[in-house]
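K.L.:
Could you have a look at this structure, given as structure tokens, before my questions?
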Amino acid sequence: MAAQFRQSAQQKASSSSSEQQVSKPGEVPCDVCTGTKLKALKSCLVCLVSYCETHLEPHLTTSGLKRHQLIDPVENLEGRMCTKHDKLLELFCKTDQMCVCSLCTIFDHKTHDVVPLKEEYEGKKAELGKTEAEIQQLIQKRRLKIQEIKRSVELSKKGADREIADGVQVFTALKKSVKRSQAELIYTIKEKQRKTEKQAEDFIKELEQEIFELRKRSSEVEQLSQSEDHLHLLQSFLSVNAAPPTKDWTGVSVRPPSYEGTVRRAVNEMEETLSKQMKKVELKRVQQYAVDVTLDPDTAQPWLILSDDGKQVKHGDVKKNLPANPQRFDTCTCVLAKQSFSSGRFYFEVQVKGKTKWDLGVARESINRKGVITLRPQDGYWLILLRNENEYKAATDPAVCLSLQSQPEKVGVFVDYEEGLVSFYDVDAAALIYSFTGCSFTEKLYPFFGPSLNYGSKNSAPLIICPVNHTE
């Protein structure tokens, strides 16, 4: 019977080993297997042995072994024993922050705060979960930062490409201007030389003709002087001896043409072309920040008339009965836009054609909107003004008179919030009118429109918010 049992057990073990996995490098092997080591399924903290599925069976079936604590297979089970008392490390001393056995709590850790390993495990696991969440949060922040940096690089690349394109445009125009100016310079000089040569040729032809006539007369005089006929000589003498019809050449000369200033004028024209091109590039650069702006009727002074689309405003002859809300101007003939800006850059264009007086720019949110208003940066206004048809001013303190080459029909307003910059452009001339620099913005900014009074229809034209047609 013993032999049969041994044979049956060997066959069962052989059959199990064929179904179970052989231990691979890095995996915990069964400590009981002889020969080929199978992969351990569990480790016993009491026996300090790791078992494969076959050798684990007694721990699952025998009543005495069932009480043993089984865990997932681990190596170095001896490290789980107290080196001092040779007992299982099943407690944790919070005072010394170390694992201890039951005998340690009687001797070295008697008065310390000791808890079961499982309790400390749960606490530490919760802390690890919190730490893991914090780590994931840090990882997420860094991923977002990476995206932000990549976006910055993309924006930088777009900016670089845009600058290159603008630069190429400027230098292409400059090269064309140089070629054109060079061609015009060469033509001008050659034309002057051609006229000089033509004048010289005409003089030479005229002189040669006179020489021909003089030689002809010389021949006649010579023939007459050799004549023996007294009567013929005397009769012909007066006509032959008379002075021939020649020109007085004393004051006649061919002077080389003057080229003084020719090159300078050509260079000046080229510089003017480059300046115009640079102005176009600058305007094109700010136009990329164009925003859609509409007028806010809740801020409009009661005498103002706004179009239904919120794009036009002018002064009317009748005061409307409107609610006197805190946002509304009651005395100053002006209105704000619905849109506000508290960061970045923005740009909009306004048609001022046909007007004799207007105010235009931006204002901060906290401006005074009641009674008489002082339009200056200290009070929250960054504006340019038209007064007396052709008197342009920047609303500084004191006001700065602006000398413009032409009256703008369309004005562009550009704001760089972080840079503290407010610039005004003559759109058609692509020329900078004026810039407020070094401004300190801490509030929302609103586009500001002041069509001024009607003045008996002299200033009846509206201020019109225009769509931006990007400069080529």
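The values are calculated or read from the model by the stated rules, or taken from the named source; none is laboratory data. On a predicted model such as this, the values are computed, not experimentally measured, just so you know. All Cβ positions, even for glycine, are placed from backbone atoms using ideal geometry, and neighbour counts span all protein chains on display. SASA here: full protein model, heavy atoms, side chains in, ligands and nucleic acids out. Shrake-Rupley method; radii C 1.70, N 1.55, O 1.52, S 1.80 Å.
K.L.:
Which condition number in (1) under 30 Å from PRO257 (Cβ atoms); (2) modelled with pLDDT of 90 or more is the one that LYS157 fails?
P.N.:
(1)
K.L.:
Continuing with this model, one more query. When the residues of region 440-454 are narrowed to those that are farther than 13 Å from LEU383 by Cα and under 22 Å from the mean Cα position of the chain (by Cα), which ends up surrounded by the fewest Cβ atoms within 10 Å (Cβ to Cβ)?
P.N.:
Looking at residues that are farther than 13 Å from LEU383 by Cα and under 22 Å from the mean Cα position of the chain (by Cα), I get SER440.
K.L.:
How about region 323-371: which of its residues are in contact (Cβ under 8 Å) with a residue 60 or more places away in the chain, in contact with a Gly (Cβ under 6 Å, 6 or more places away or on another chain) and aliphatic (A, V, I, L, M)?
P.N.:
Within region 323-371, ALA363 is the sole residue that qualifies.
K.L.:
I need the full set of residues from region 415-445 which are of a type in the set (Asp, Glu) and part of a strand (DSSP E or B), in order please.
P.N.:
Once the filter is applied, which keeps residues that are of a type in the set (Asp, Glu) and part of a strand (DSSP E or B), region 415-445 yields ASP416, ASP426.
K.L.:
Limited to region 58-86, what total is found for residues that are over 60 Å from the mean Cα position of the chain (by Cα) and either of a type in the set (A, V, I, L, M) or open to solvent by less than 80 Å² (accessible area, probe 1.4 Å) (or both)?
P.N.:
Of the residues in region 58-86, 14 are over 60 Å from the mean Cα position of the chain (by Cα) and either of a type in the set (A, V, I, L, M) or open to solvent by less than 80 Å² (accessible area, probe 1.4 Å) (or both).
K.L.:
Would you confirm, using the coordinates I've provided, whether PHE212 is modelled with pLDDT under 85 and assigned to a helix (DSSP H, G or I)?
P.N.:
For PHE212, the condition - modelled with pLDDT under 85 and assigned to a helix (DSSP H, G or I) - is not met.
K.L.:
Restricting attention to region 418-434, and to residues there that are in contact (Cβ under 8 Å) with a residue 40 or more places away in the chain, open to solvent by less than 20 Å² (accessible area, probe 1.4 Å) and within 19 Å of the chain's Cα centre (by Cα), which single residue is farthest from GLU272 (Cα to Cα)?
P.N.:
My answer is VAL422.
K.L.:
Test GLN136 against the criterion of being open to solvent by less than 60 Å² (accessible area, probe 1.4 Å) and either within 30 Å of VAL240 (Cβ to Cβ) or assigned to a helix (DSSP H, G or I) (or both), and give yes or no.
P.N.:
no
K.L.:
Further question: Report every pair of residues separated by at least 6 positions or lying on different chains whose Cβ atoms are under 7 Å apart, first residue within region 46-72 and among the polar types (S, T, N, Q), second modelled with pLDDT of 90 or more.
P.N.:
Within 7 Å, the pairs are SER50/CYS30; SER50/ALA40.
K.L.:
Filter region 264-294 for residues that are farther than 18 Å from TYR425 by Cβ and among the hydrophobic types (A, V, I, L, M, F, W, C); which is surrounded by the fewest Cβ atoms within 10 Å (Cβ to Cβ)?
P.N.:
So the residue we want is VAL267.
K.L.:
Another question about this same structure. Residues of region 94-133 being of a type outside the set (D, E, K, R) and open to solvent by 100 Å² or more (accessible area, probe 1.4 Å), which ones?
P.N.:
GLN97, PHE107, THR111, TYR121, LEU128, listed by residue number.
K.L.:
Another question about this same structure. Check region 219-229 and report whether any residue there is surrounded by 10 or more Cβ atoms within 10 Å (Cβ to Cβ) and either at positive phi or not in a helix (DSSP H, G or I) (or both).
P.N.:
yes
K.L.:
Quick one: which residue in THR246, THR196, THR250 is open to solvent by less than 90 Å² (accessible area, probe 1.4 Å), outside any helix (DSSP H, G or I) and among the hydroxyl-bearing types (Ser, Thr, Tyr)?
P.N.:
Within the list THR246, THR196, THR250, the selection yields THR246.
K.L.:
So, VAL49, is that one over 23 Å from PRO29 (Cα atoms), crowded, with 16+ Cβ neighbours inside 10 Å and either touching a Pro at 6+ places or on another chain (Cβ under 9 Å) or not small (Gly, Ala, Ser) (or both) or not?
P.N.:
no
K.L.:
Follow-up question, since we're still on this one. Scan (1) modelled with pLDDT under 90; (2) assigned to a loop (DSSP other than H, G, I, E, B); (3) in contact with a strand residue (DSSP E or B) (Cβ under 6 Å, 6 or more places away or on another chain); (4) not aromatic (Phe, Trp, Tyr) for the single condition ALA324 breaks and write down its number.
P.N.:
(3)
K.L.:
Moving to a separate point now. Here is a list: PRO377, PRO408. Which entry is without any contact (Cβ under 8 Å) to a residue 60 or more places away in the chain and either within 26 Å of the chain's Cα centre (by Cα) or under 26 Å from SER340 (Cα atoms) (or both)?
P.N.:
PRO408
K.L.:
With respect to VAL293, is the statement that it is closer than 30 Å to ARG215 by Cβ, touching a residue at least 40 places away in the same chain (Cβ under 8 Å) and assigned to a loop (DSSP other than H, G, I, E, B) true?
P.N.:
For VAL293, the condition - closer than 30 Å to ARG215 by Cβ, touching a residue at least 40 places away in the same chain (Cβ under 8 Å) and assigned to a loop (DSSP other than H, G, I, E, B) - is not met.
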